[in-house]
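Down below is the structure, laid out as C-alpha cells.
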Amino acid sequence: MNQPVSFLPSSIWSHAYLIGAQPRRMASDSTALASVVKVVGLVAVLLLAGVLARRGMKVNYTRKINHFAIFFIPVFVDQQFASETFTDVVYLSVSALGTLGFLVIFLERVRSKVPVFQLMFEGFDRPEDRPHTLLWLWTQYAAGFAVMVPMIWWFGHLGYEALVTVPILINIVGDGLAEPVGVRFGKREYSVRALFTSQRFTRTLEGSACVLITGVVVLLMHATYMTTPQFVAGLLVIPIAMTLTEAYSPHAWDTPFLMLVGYGTLLGVMQL
C-alpha cells in the first residue's frame, strides 16, 4: 500500500514536467529552424546580389537588395517561425549580433582568401563609397539594430507585435527604391553629407518620394491593427516624418535614423 502512495506524486511531477517540456522543445525547434532559414536566406540573397553586380547591374541596386535581406529576413523569419521568442530581448540581441558577426567575412584579409566572400562583398561595394564601404556598412547596421532590438521588444511588451514590421518595410522598401528611382528618373537633386568625410553625395526628390508613397502603402496594409484615429494620425505623420528623415540623414547611414523616427512616431500614434 505504501508503494503506490509514494509513486503517485512522482508520476504526477513527471507528467507535469513532460507537459511543460513539450512547449519548450517546440519553441527550441522553431528557433533552430528560424536560424537555419535566416542563414540560408541571407547567404542566397548576398550571393545573388554579388553575381548581379559582377554581371553589370549597378551596385546602387544590388546594395539595396542586400539591405532588404539583412534587415527584413531575420525579423520576418523570426516572426513566422519563432513566434514564442520573437520579441524576447535576449533572443533579438543574439540574432542581431549574429547578423553583424556575419559581416566579418567582408574584411579584406578574409574575403581576399575566399572568392565567394569577395563575390558577396561586390554586391555592397559602391565605387563612390570607397574606401569607407565596410566602415559605413558595419556601423550603419550596428546602429540600426541598436534601435530595432529595444523597439521590437517594447512593441511586443505593449502588444503591438503586428506593427513591428511597419518602420522596417518603409525603410527597406521606400529607401530601397529611393536610390534606384533617383538614379534612373531623378531630376531634382540635392546633396547630403556622410560620416567620416567632408564629401557630399547626391539625392533626388523623386527618390525621396518613394519613402512617402511606401509609408502610405505600408500603413494601409496595417490599417486593421489600428483604430480610426490612430490610422488617420499615422497617415498624416509617419510617411512625412520618415521621408524628411531619409532626406536629411547622412549618406549610407540613414537606417538608424529612419528606424528611430519610424518606431517613435508609430509609438506616439498608437497612444491615441
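Numbers below:
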read-out	value
Output for the range 50-73, where each listed residue is over 22 Å from Phe185 (Cβ atoms), more than 17 Å from the chain's Cα centre (by Cα) and either among the β-branched types (Val, Ile, Thr) or crowded, with 19+ Cβ neighbours inside 10 Å (or both)	Gly50, Val51
Gly174 vs. criteria modelled with pLDDT of 90 or more, in a helix (DSSP H, G or I) and closer than 17 Å to Thr62 by Cα	yes
Subset of the range 189-205 that is in contact (Cβ under 8 Å) with a residue 60 or more places away in the chain and either touching a Lys or Arg at 6+ places or on another chain (Cβ under 9 Å) or assigned to a strand (DSSP E or B) (or both) - its residue that is farthest from Tyr248 (Cα to Cα)	Thr197
Condition check for Leu8: surrounded by fewer than 17 Cβ atoms within 10 Å (Cβ to Cβ), within 22 Å of the chain's Cα centre (by Cα), modelled with pLDDT under 90 and not basic (Lys, Arg)	no
So Gly156, is it under 19 Å from the mean Cα position of the chain (by Cα) and crowded, with 18+ Cβ neighbours inside 10 Å	no
Residue within the range 186-202 that is surrounded by fewer than 17 Cβ atoms within 10 Å (Cβ to Cβ), under 23 Å from the mean Cα position of the chain (by Cα) and modelled with pLDDT under 90 present	yes
The range 166-185, residues that are under 14 Å from Thr255 (Cα atoms) and buried (at least 21 other Cβ atoms within 10 Å of the Cβ)	Val166, Pro167, Ile168, Leu169, Ile170, Asn171, Ile172, Gly174, Asp175, Gly176, Ala178, Glu179
Checklist (1) in contact with a helix residue (DSSP H, G or I) (Cβ under 7 Å, 6 or more places away or on another chain); (2) over 24 Å from Arg63 (Cβ atoms); (3) aromatic (Phe, Trp, Tyr) applied to Tyr160, failing item	(1)
Residues located in the range 123-139, provided they are outside any loop (DSSP other than H, G, I, E, B) and surrounded by fewer than 20 Cβ atoms within 10 Å (Cβ to Cβ)	Pro127, Glu128, Thr133, Leu134, Leu135, Trp138, Thr139
The one condition in (1) of a type in the set (D, E, K, R); (2) buried (at least 19 other Cβ atoms within 10 Å of the Cβ); (3) at pLDDT 90 or above that Arg109 fails to fulfil	(2)
Residue under evaluation Pro150, criteria (1) crowded, with 16+ Cβ neighbours inside 10 Å; (2) in a helix (DSSP H, G or I); (3) touching a residue at least 40 places away in the same chain (Cβ under 8 Å), criterion not met	(1)
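Conditions (1) charged (D, E, K, R); (2) in contact (Cβ under 8 Å) with a residue 24 or more places away in the chain; (3) surrounded by 16 or more Cβ atoms within 10 Å (Cβ to Cβ); (4) part of a helix (DSSP H, G or I), marked per residue:
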| site | (1), (2), (3), (4) |
| --- | --- |
| Gly207 | no, yes, yes, yes |
| Val211 | no, yes, yes, yes |
| Leu220 | no, no, no, yes |
| Thr224 | no, no, no, yes |
| Leu235 | no, no, yes, yes |
| Pro239 | no, yes, yes, yes |
| Met242 | no, yes, yes, yes |
| Glu246 | yes, yes, yes, yes |
| Leu258 | no, yes, yes, yes |
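Residue-wise test of (1) within 30 Å of Arg203 (Cβ to Cβ); (2) of a type in the set (A, V, I, L, M, F, W, C).
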position	(1), (2)
Leu100	yes, yes
Pro115	no, no
Asp125	yes, no
Phe145	yes, yes
Ile152	yes, yes
Gly156	no, no
Tyr160	no, no
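The values are calculated or read from the model by the stated rules, or taken from the named source; none is laboratory data. Computed from a prediction, not measured in an experiment: that's the story for all the values here. Heads up, the Cβs are rebuilt from the backbone with ideal geometry, glycines too, and the neighbour counts pull from every protein chain shown.
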